[in-house]
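The values are calculated or read from the model by the stated rules, or taken from the named source; none is laboratory data. Given the structure is predicted, the values throughout are model-derived calculations rather than measurements. Cβ atoms come from the backbone with ideal geometry, glycine included; neighbour counts cover every protein chain shown. The area values use the complete protein model at the heavy-atom level, side chains included, leaving out ligands, DNA and RNA. Shrake-Rupley method; radii C 1.70, N 1.55, O 1.52, S 1.80 Å.
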Amino acid sequence: MNMHSIFNSLILILLIAFSACQNAVENSGAIDLSGSWQFQKQGDSIWFPAIVPGTIQTDLFANNQIPELFYSDNEQKNKWIENENWIYKKTFVVDKSQIKQNADLVFEGLDTYALIYINGKHILSADNMFRKYKIKIDSLLTTGENELKIMFESPVQKAIPFFDSLHYRLPADNDRNDKQTSVFTRKAPYHYGWDWGPRYVTMGIWRPVYIKFWNDIKLIENRLYQKELSEENAVVAWEAKIYSETETQLECVISLGNQELLKQKFNLKKGLNQLSDTFTIHQPKLWWPNGYGDSKLYSFDIRQSINKLQFNERKKIGFRTIKLITEADSLGESFYFKVNDVAVYAKGANYIPQDNFLPNVDSSRYAQLIKSAKDANMNMLRVWGGGIYENDIFYDLCDENGILVWQDFMFACSLYPGDSIFLQNVEQEARENIKRLRDHPSLALWCGNNEINELWFNWGYQKKFGYSESDSLKIWSDYQNLFNKLLPSLVKELNPESSYWESSPKIGWGHAESMNEGDSHYWGVWWGNEYFEAYEEKVPRFSSEFGFQSLPQMSTLLAFADSNQMFLESNAIQAHQKSSIGNKTIVEYMERDFPVPAKFEDFVFVSQLVQAYGLSKALEAQRRAKPRSMGSLYWQLNDCWPGISWSSIDYFGNWKALHYEAQRDFKTFLISFEEQSDVLSVFVVSDSLQSIDNQLEIKIMNFYGETLFDKTIDIKTKANSSEDMLKIPNSQLEDLDEKKKILLVARLFHKAKLLSENIYYFAKPKNLILPNDVQLEYKIEVNQIAFWNNSGSLIKNLFIEAETPVHFSKNFFDLLPKDTVRLQFDSKDKLLLKLSFNSLNSIEH
């Protein structure tokens, strides 16, 4: 499917969804203003149809006014859009019953500078993409047709006067314009471009918009949250804010299933009423992160009756405690999370927005991505500070799937102004989002920003921009006011149960202290050009960023480029590589460790093997270092467009080799090897909260299945531990045959159940002498494929691909001599499953 078809399909889906949503909302005392709108460029006379929620770029594309957004180098051809102003309008009908009521116009999200008019009357000037706007409009409405009009001002042009008004420059590391204006605008920073995504400075109504009607009573807030928690009891607090135009009485009933937990009547005064009460859940079942137990959620129904008016709402609560532990120790300072008083090893990745055009991301894409995280045995995602505070569905899915959320505030790789107007805007943004997200059991941490502390101390902008001493003092004072005063004070006020962390990382990766305290972004591999083996030496207390790039699979590349562009130096491929050192760095690391293929299709395949190979060294070393090291969040989980990046899942949801590797490396039990001066150590890492008896099987064989060494030992794996279980002396290994033709496979069993498996090679992949006479056979069954290796020869990194999109439960794996592997797939029709294969054995170089 090409990009044009993809966008047209998305638009059709959105139209159908908006139609259904509009009917549902209108029946509940509201007018949904989503769906069909019109738009034009300011100064033009022609109006075009538009879809809301949406963006100006997707509306222009839908009307054939611009070329495909992600295709080839069209990003540059479409850049003019960001410098124009755009007008949207919609007519809607208000009936006789509605005109008598109070009416609030609600924008869940406006991107970004917007002038709003009702029936020609200016009612609001918006300037923050991350805020919700609500305006009382009943006095402006008329019976019958009404018009809502919005002018979106160019974020680039709007911010130029702010840029010009400062006598010093504020760096915006991602903004490639001569005038880096993005820091003055409260808008998703990645829209201005990043080293993994395009520059598309969007405008539009990006979240739902509606009019809510009410008579005498308005429910402003209903909150249900954990107040106290012990093994015996969970005390749940209910708080409500209700505005009443008359004195009346409210009855509130809160139920769990058929059990009424709270039933209370309250007298409402005229004006704002703040109500509260508590109830108790006995013997509460706890919410646990993925891999540590069930992610139990309690669903409470709140029913509030006022005369004939009734409000019904369902709230979910997961009972748990989460604390960030940062304590001085003999090494420096710890950094780890305790959940329900248990030290949890954080396993996961950094999450970025799933699309440059945010309304394109529907519920199925959210569900697929969070499922992929859970299926890879992840238990934490870091919502990175250059994107957005995500939609509610993201956090709901994390709650349901046991995925802890490290939540950045939306500041990244830039310095920001400190004037009172900017800070007031940020304060309102932070208040709204803290209150919206604070009661999710998945919420683990609020973090002030991404890499700004490191930027100030390590990136040389003081010299580059020629700051005077007074400039530096002012800029650093503004930083302190925002990230060490305003934001932590708001977290303390509104969400005191959650921890706050000023900046990620605490210390830049060029400093030795970054390995011993706080969280670390270790970029010695990639930006520092260090070998992958550096990951085994540079092991921080908590790794919150590290990574390596790869190309997405061929079908993804062909979605944005013609087949004649399938070579690394082509215009289309280079347009989708945003790192300044990208493709040449992939080649350089490939040359170090892997054969460099002659064919481009094989190069794409091997690039993913390189990424998985390098990151596996990091993940294993970090987990072996437990409890000194307590977190592995690699960069990055996903993509916002079909490009070349650090992701483990591409734009279309395809798992790269890295994601399959993470699935293995993040399992509850991990076997890992460490090369020491005179021995090869075999570690067993356990995240289980139970100590268990195991059998550790060690076997050395050649690539044709001949066993050279075989040993099984009984071990006891301690709860929540990492332990060197077996040392194999190098002297014992020296007697073996040619090391380029042998491997060591280790397996961990508990009562004959395989818990973990890992393979160690005695040479780099490029030096292995792999068999070329392999014979792979397979049989497709119902949602399952059985592969067997009748040739008796090792098949290294077997990659299975289907003509139609299919996800396999296992891929890029080593099929050992005479071994059989069964894997699941999600295609409904096995007869349509036409497979192709690749492996390191078959690479021509």
- Low-density loop positions, GluC sites (Glu not before Pro), the range 285-372 - DSSP coil, at most 13 other Cβ in 10 Å: GLU327
- Query: What full-extension length gain, to one decimal in nm, is calculated for TYR531 and GLU327 as 0.36 nm per residue of separation minus the Cα-Cα distance?
  - Reply: 70.3 nm
- Item | Set LYS134/LYS474; LYS538/LYS818; LYS96/LYS121; LYS79/LYS132; LYS626/LYS751; LYS158/LYS315 screened for pairs whose C-alpha atoms are more than 31 Å apart | LYS134/LYS474; LYS538/LYS818; LYS158/LYS315
- Message: Sequence gap at least 6, Cα distance under 8 Å: using those rules, report the relative contact order of the chain to the nearest whole percent.
- Response: 9
- Message: Let me check against my output: what whole-number percent is the relative contact order of the range 167-256, with C-alpha pairs under 8 Å and at least 6 apart?
- Response: 16
- Among [x] 91, 68, 64; [y] 91, 66, 51; [z] 79, 62, 48, the value of Cα extents along the principal axes in Å computed for this structure carries the label [x]
- Please determine, in degrees from 0 to 90 and to the nearest 10, the orientation of helix 600-624 with respect to the longest principal axis defined by the Cα atoms of the chain, where the helix direction is its Cα long axis. 90
- Note on the structure: For the range 663-785, averaging the sequence separation of alpha carbon pairs under 8 Å that lie six or more residues apart and dividing by its residue count, the contact order in percent is 25
- Message: Ignoring ligands, DNA and RNA, please state the percent of accessible area on the chain from carbon and sulfur, probe 1.4 Å.
- Response: 47
- Query: Between GLU469 and GLU497, what FRET efficiency follows from the Cβ-Cβ distance if R0 is 45 Å, with the result rounded to 0.05?
  - Reply: 0.65
- Message: At R0 = 22 Å, how high is the FRET efficiency between LEU833 and LYS371 if r is their beta carbon distance? Nearest 0.05 is fine.
- Response: 0.55
- Item | ³J(HN,Hα), Karplus 6.51/-1.76/1.60, whole Hz, each residue of the range 302-315, x for Gly, Pro | 10, 10, 10, 10, 9, 6, 8, 8, 9, 10, 10, 8, 10, 10
- Query: Given a 1.4 Å probe, how much area per residue of the range 621-671 is accessible, in Å²?
  - Reply: 15
- Task: Let me know the volume per residue of the alpha-carbon convex hull for the range 159-218, in Å³.
- Result: 147
- Note on the structure: Quick calc: nm separation of the 7 Å Cα→Cβ label points for LEU219 and LEU309 -> 1.1
- Query: Can you work out the FRET efficiency for the pair SER677 and GLN732, with r the C-beta to C-beta distance and R0 = 22 Å, to the nearest 0.05?
  - Reply: 0.90
- Within-13-Å neighbourhood charge of GLU400 [Cβ basis; K, R +1; D, E -1]: 0
- Note on the structure: A chain fully extended from MET554 to LYS740 at 0.36 nm per residue, minus the present Cα-Cα distance, gains in nm 63.9 nm
- So how do ASP95, ASP59 rank on accessible area, 1.4 Å probe, biggest first, that is with the largest at the start? ASP95, ASP59
- Looking at the range 170-244, how many pairs of lysines come closer than 27 Å at the Cα, when each pair is eight or more places apart or spans two chains? 6
- Kindly write out, for the range 259-273 in residue order, the coupling ³J(HN,Hα) from the Karplus curve 6.51 cos²θ - 1.76 cosθ + 1.60 (θ = phi - 60°), rounded to whole Hz, with x marking Gly and Pro. 9, 7, 9, 8, 9, 8, 10, 10, 7, 9, 8, 6, x, 7, 10
- Tell me the GluC sites (Glu not before Pro) within the range 560-620 that lie in a loop according to DSSP and have at most 10 other beta-carbon atoms within 10 Å. GLU569
- Task: Mind checking which aspartates and glutamates have their Cα closer than 15 Å to the Cα of LYS667? Skip sequence neighbours fewer than 8 apart in that chain.
- Result: ASP375, GLU620, ASP687, GLU757
- Task: Please list the non-local residues whose amide H lies under 5 Å from the amide H of LEU755, H modeled 1.01 Å from N, same-chain partners needing a gap of 5 or more.
- Result: LEU748, PHE749, HIS750
- Tell me, in nm to one decimal, what length is gained between GLU145 and ASP714 on full extension, where the rule is 0.36 nm per residue of separation less the Cα-Cα distance? 196.9 nm
- Send over a whole-number figure in Å² for the accessible area per residue of the range 697-742, probe 1.4 Å. 57
- Cα-based equivalent ellipsoid of the range 677-826: semi-axis lengths in Å, sorted from largest, via gyration tensor: 28, 23, 13
- Query: What whole-number value in Å² describes the accessible area per residue of the range 111-173 for a 1.4 Å probe?
  - Reply: 43
